[in-house]
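These notes concern the structure reproduced below.
The values are calculated or read from the model by the stated rules, or taken from the named source; none is laboratory data. Treat the numbers as computed from the prediction; the structure is a model and nothing was measured. Neighbour counts are summed over all protein chains in view; Cβ atoms, including those assigned to glycine, are modelled from backbone coordinates with ideal geometry.
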Amino acid sequence: MDDEQDWKDLLGEDGPLAKAIPGFQVRLQQQDMTEAVGNAIQNHSAAVIEAGTGVGKTFAYLVPALASGGRVIVSTGTKTLQDQLYAKDLPVVKNSLKTDSNIALLKGRANYLCTYRLNRAQTDGRFDDRRTLTHLQRIADWEMITIRGDISELGSVPKEAEVWQHVTSTADNCLGSDCEDYEGCFVVKARREAQEADVVVVNHHLFFADLALKEEGFGELLPSANAVILDEAHQLPEIASNFFSETISSRQLLDLSKDTMAEVLIGASDMGVLKDSLRELDKCVMDLRLAMDKPGLREPWYKIKSKPAIERGIEDLERILNTIGEALKIAADRSKGLESCYDRFLLQIDKLNNLNNPQAETVQWYETYTRSFSLVSTPLDIAGTFKKHLEGWPCAWVLTSATIAVGSSFDHFTQRIGMESPKELLLDSPFDYWHHALLYAPPDMPEPQNIDFIPALVESSVPVIKASKGRTFMLFTSYRALNEAAELLKDEIDYPILVQGDSSQAEMIENFRTLGNAVLLGTNSFWEGVDVRGEALSCVIIDKLPFASPGDPVLEARIKSIRENGGNPFFEYQLPQAVIALKQGVGRLIRDDKDTGVLMICDPRLRTKSYGSTFLESLPRVPKTSKIEVVERFFEHIKTLNKNNEEDKTPQIDKSVKIKAAEIQDNDE
C-alpha cells in the first residue's frame, strides 16, 4: 500500500469488504485501527491498541495483515478464538481481498495426536477401565481417517478425558527426529505448513514456547515474520510470567516414572534396581504430597520448606532422582525411548536444584490439589526478557485488546512487557452506552470484608433480577462468595439458576441462551471471552472490585519488590490490574449495537474511595444511579420500546432503543 489513506479505504463504503459482506457496517474506529496496523507493518514499528467492544478489531488487523503481502504471525489468547480466526474470519478477508495468501493454523503439540504414543498405549496394557478403553479405541479408529490429527476434531472423546495425555506428546517426552513415526507426525506436518504459510495463526502459549526455543538456541517453530499481531494482549504479562516459570509437579514426576517403566520393561528389563527406584519415586512423590497438608493451598514455598517432613521429602526426592538418572545414563544407549527419559530426568534434577537455590528476582511457591502438587519458581518481572525478544525480532509488533489502558494511559501495560515508545491508540466502543445502558451502585452496602456483604448483595440484587426478568450474569471474585450467594438466592427468585461447577462452561452458556430468563453465577472464567448477545443477557451484577488476593504468593512477592524499590505497589500494580479485570467483566453486558442492559457494581468503594474515580474513568460513559426505581424504570422503558417495535413490525435498530438520559438518570448524577 502506497497511500496511507488506502488502509482506511479497505474498510470503507466502497471497499472490498463492503462489497463482499452483506450488511457490512463502516466504523470509523475500525478504519483508524486498520490504518495504525497497516502503518506499523509498513514501517516495521510497534503499536499498542485498545479497541473497545464493537470496533471490530479482528477485521481491523486481518485486512492489513493480508493486504501487506508479507509474512504475518497472529497470536490469540484462546484456542477458541484461534479456531475462529482460521476457519471463519481469515477466509472471509482472504476472499474479500481476492488474495492467494497461504494460511496455516498451528497449535501446541498437546493438541495433536501422537501415533507413537497411541501405539504404546494400545500395547502396554496400562488401562483396565472400560470407559478409557472405549476412548482409546475411538481414538485409534479416528487416527485411520484424520488428516490434521487435531484432537478437537474428535468430539466423542471428552477434552478432559485422561486418555488424551497418554496419546499426545509434550516437549519432554517427544522423541523428535529419532521417532519411528516422525515422517507421519501430525505436529511435524503442521509445522511444515506453518513454515510455508504467509499467515500463521497460533496462540500465546505456543508463541512463548517459540521465544523460549529461540532463547535456548534450539531453532524456532514459527517462520520469520514481517509482523507479529498479538490479540487479547492484556493476557500477555501473566502468560509470559507463567511460561517462563519453572514447575515441578507430582503429575510430571509420576508420568515420567510411568513412561520410564514402560521403556525399561521393553529395553532394560534386566535392570531390577532401576525398576525398584522408579517404584520408590512413586511412593516418595505421594509422601511429599501428604506432607503438604490439605488441598487448595497456594502459598509461598518458604512457609513450609523448613518443616521436617518437607525437608525429608525433598531430600528423598533429590536422592531418588539422582539414582534413577545414574541408572538411565547407563541404559540410555539401549533405545531412543530410554535416552529421552534420561534427558527428562536431568531436566527434573535441574528444576529441583533451582528450587533449592533460587535465582534473584524470582518467587518460589507451591500449590496443592486433592492428590497432587506443584512446586513453582516464577520470575517477578518479565519486562527485560520480553524486551530482549522485541528487539531481537526485527519486525512490526501490534498488540491489541479491548482492555489494556487504565483511564487513558497504557503505561502499566507497556512497562510490564518492556515496550518502549510504541504508537498508542485508544479507540472507544462505537456502541451507544449512554442510551443503552445504566450503571447501578446500590446504596448502604457494607464493605466487602464485612460478614454481611454477601447477604446484602443478594438482598440488593433480587429486585434488579426481578426487574430484568432473570437474564442476568452474577460475576464473583471468589468461589466462596459465589457459593454463599447461590444458597441465599435460590429461595428468593423463581428464575432458573445456573451455578459454575454444576456443568461445563460451554453447557452453562448454551443453557443460559436457551432458557432466556436464567441467572448465571460465575467466577473469573466468566469475566472474559463469554459472548451472549440479545435480550437473554440484560443485566450484569459484579460483587466487588476485582483486586487480586493479597495472599497470592506471586502478588505478595511483587508487592514486596515494588515497595523495596521505593514504589507504591497499590497504585503501580494492584489498582491497574483491578481496573483491567473490571473492564473485562463489564464487557459482558453490551455485545452489539442493539443490546441494552444494567450494570450493577455492589462494591461501595466505587463511591467511597478516591480511587473509585479511576475505575469509573476507565469504563464506558453511562448514566449512573443509586436508586432501584430508576433501574425498574429503565427496564420498563426498554420493554415498552421493544413492544412498540413488535407492533409496528419495524426492525429494532440503534435509534429505536435510545433512552433519554433524563428519563432514567438520578437528578443528582
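This table checks each residue for (1) closer than 26 Å to Val72 by Cβ; (2) surrounded by 21 or more Cβ atoms within 10 Å (Cβ to Cβ); (3) hydrophobic (A, V, I, L, M, F, W, C).
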| position | (1), (2), (3) |
| --- | --- |
| Leu175 | no, no, yes |
| Asp178 | no, no, no |
| Asp181 | no, no, no |
| Val187 | yes, yes, yes |
| Glu193 | yes, no, no |
| Glu196 | yes, no, no |
| His204 | yes, yes, no |
| Phe207 | yes, yes, yes |
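Please specify each residue of segment 212-246 satisfying the condition of being closer than 25 Å to Leu62 by Cβ, at pLDDT below 90 and among the charged types (D, E, K, R).
Within segment 212-246, just Glu220 meets the criteria.
Picking from Val48, Val55, which residue would you name as being within 27 Å of Ala437 (Cβ to Cβ), in a loop (DSSP other than H, G, I, E, B) and either without any contact (Cβ under 8 Å) to a residue 60 or more places away in the chain or touching a strand residue (DSSP E or B) at 6+ places or on another chain (Cβ under 8 Å) (or both)? Explain how you work it out, then say what you get.
On the way: Val48 fails: in a loop (DSSP other than H, G, I, E, B).
Of Val48, Val55, the one residue that is within 27 Å of Ala437 (Cβ to Cβ), in a loop (DSSP other than H, G, I, E, B) and either without any contact (Cβ under 8 Å) to a residue 60 or more places away in the chain or touching a strand residue (DSSP E or B) at 6+ places or on another chain (Cβ under 8 Å) (or both) is Val55.
With segment 226-341 as the region, which helices (runs of 4 or more DSSP H) entirely inside it contain at least 3 residues that are small (Gly, Ala, Ser)? Give the steps one after another, and end with the answer.
Values: elements: 236-243, 250-267, 272-291, 308-331.
In segment 226-341, 250-267, 272-291, 308-331 are the helices (runs of 4 or more DSSP H) which contain 3 or more residues that are small (Gly, Ala, Ser).
In this structure, is Thr477 under 26 Å from Lys624 (Cα atoms) and outside the structural domain of Gly155 (by TED's automatic domain parsing)?
Working: under 26 Å from Lys624 (Cα atoms): yes; outside the structural domain of Gly155 (by TED's automatic domain parsing): yes.
Yes.
Name the single residue that is surrounded by the fewest Cβ atoms within 10 Å (Cβ to Cβ) among those in segment 1-17 being in a loop (DSSP other than H, G, I, E, B) and at pLDDT 90 or above. Show your work before the answer.
Taking segment 1-17 first, the residues in a loop (DSSP other than H, G, I, E, B) are 1-3, 10-15.
In the following step, the residues that additionally are at pLDDT 90 or above were identified as 10-15.
Numbers: Leu10: 24, Leu11: 26, Gly12: 16, Glu13: 10, Asp14: 8, Gly15: 20.
Among them, the one singled out is Asp14.
Do we find that Asn450 is exposed (fewer than 15 other Cβ atoms within 10 Å of the Cβ), of a type outside the set (A, V, I, L, M, F, W, C), modelled with pLDDT of 90 or more and not in a loop (DSSP other than H, G, I, E, B) in this structure? Before you say what the answer is, go through the steps one by one.
Details: exposed (fewer than 15 other Cβ atoms within 10 Å of the Cβ): yes; of a type outside the set (A, V, I, L, M, F, W, C): yes; modelled with pLDDT of 90 or more: yes; not in a loop (DSSP other than H, G, I, E, B): no.
No.
Which of the strands (runs of 3 or more DSSP E) contained wholly in segment 356-424 include at least 1 residues that are at pLDDT 90 or above and within 30 Å of Leu290 (Cβ to Cβ)?
Once the strands (runs of 3 or more DSSP E) in segment 356-424 are filtered for at least 1 residues that are at pLDDT 90 or above and within 30 Å of Leu290 (Cβ to Cβ), what remains is 362-368, 373-379.
At pLDDT 95 or above and over 15 Å from Gln364 (Cβ atoms): does that describe Asp316?
Yes: the conditions hold for Asp316.
If you scan segment 56-106, which residues turn out to be of a type in the set (Asp, Glu) and within 21 Å of Ser224 (Cβ to Cβ)?
Filtering segment 56-106 for residues of a type in the set (Asp, Glu) gives 83, 89, 100.
The answer is Asp100, and nothing else.
With Tyr440, Tyr433 as the choices, which residue is crowded, with 19+ Cβ neighbours inside 10 Å, in contact with a strand residue (DSSP E or B) (Cβ under 7 Å, 6 or more places away or on another chain) and not charged (D, E, K, R)?
On the way: Tyr433 fails: in contact with a strand residue (DSSP E or B) (Cβ under 7 Å, 6 or more places away or on another chain).
Unique residue meeting the criteria: Tyr440.
So that you can scan it fast, the table gives a plain yes or no per residue for (1) free of Cβ contacts under 8 Å to residues at least 12 places away in the same chain; (2) under 22 Å from Ser241 (Cα atoms):
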position: Met508; (1), (2): no, no
position: Asn511; (1), (2): no, no
position: Gly529; (1), (2): no, yes
position: Glu535; (1), (2): no, no
position: Val554; (1), (2): no, yes
position: Leu575; (1), (2): no, yes
position: Leu589; (1), (2): no, no
position: Asp595; (1), (2): no, no
position: Lys609; (1), (2): yes, no
